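One structure is given below, represented as structure tokens, and several questions about it will come after.
Where a number appears in this text, it was derived from the coordinates with a stated rule and is not lab data. Note that the structure is predicted; figures quoted are calculated from it, not measured. Here Cβ is always computed from backbone atoms with ideal geometry, including for glycine, and neighbour counts include all displayed protein chains.
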Amino acid sequence: MHGLSNDGSDGYVRFPRSLLRRGDLSAKAKVVFAYMVSQPAGYQFASKRIAADMKEGYRAVLAGINELEQAGYVEKARLADGRMLYELRENYWSLTTDESKDCMLETFKDAFKPAVVEHEKVTLAEAAGIINKVVNDKELAASHAFEFFSICNEAKLPQNVNTLKKWLVHVKG
């Protein structure tokens, strides 16, 4: 049972626009889905019958069904008599939590990286060199660099380029 009100009384069936626009599904899979949705609730799908009704090759229909299964629209199970039972997933339009996570990770690969970027720690000499570019005095730059490291240690701040950039605002002022 596929849960749609496709009783056929008006000659039309519901077809999710999102499925039609999916680039990862072939036209063959989309047509097989349309065929399956057009059948009454409780209809037992057989790949050979679908192939005959669509005047399409049996293997092509199986390939379409497999695509739909991988995309989460169709479930299949082998019956005791050896036949394969294909059913539209009851809520094919809503993914399970795990499927949603997988989909998000696949679609937005960088979205789940840590929001805070770790910067490399700067050495005292690097800090003095960067500060010297601002103050143009090596002794004063060395003094400020030492002060920068002391304050970072006391406040437990990271001793990296990002913190040093903020410190330079203090030095300039």
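Which Rg and Dmax, in Å, describe the Cα atoms of segment 17-107?
When restricted to Cα atoms, segment 17-107 yields Rg and Dmax of 13.5, 40 Å.
Same structure again: Under a crude label model (7 Å from the Cα following the beta-carbon direction), how far is Glu120 from Ser18 in nanometres?
4.4 nm
So how much slack lies between Glu154 and Gln44, counting 0.36 nm per residue of separation and subtracting their Cα-Cα distance, in nm?
Full-extension gain reported as 32.4 nm.
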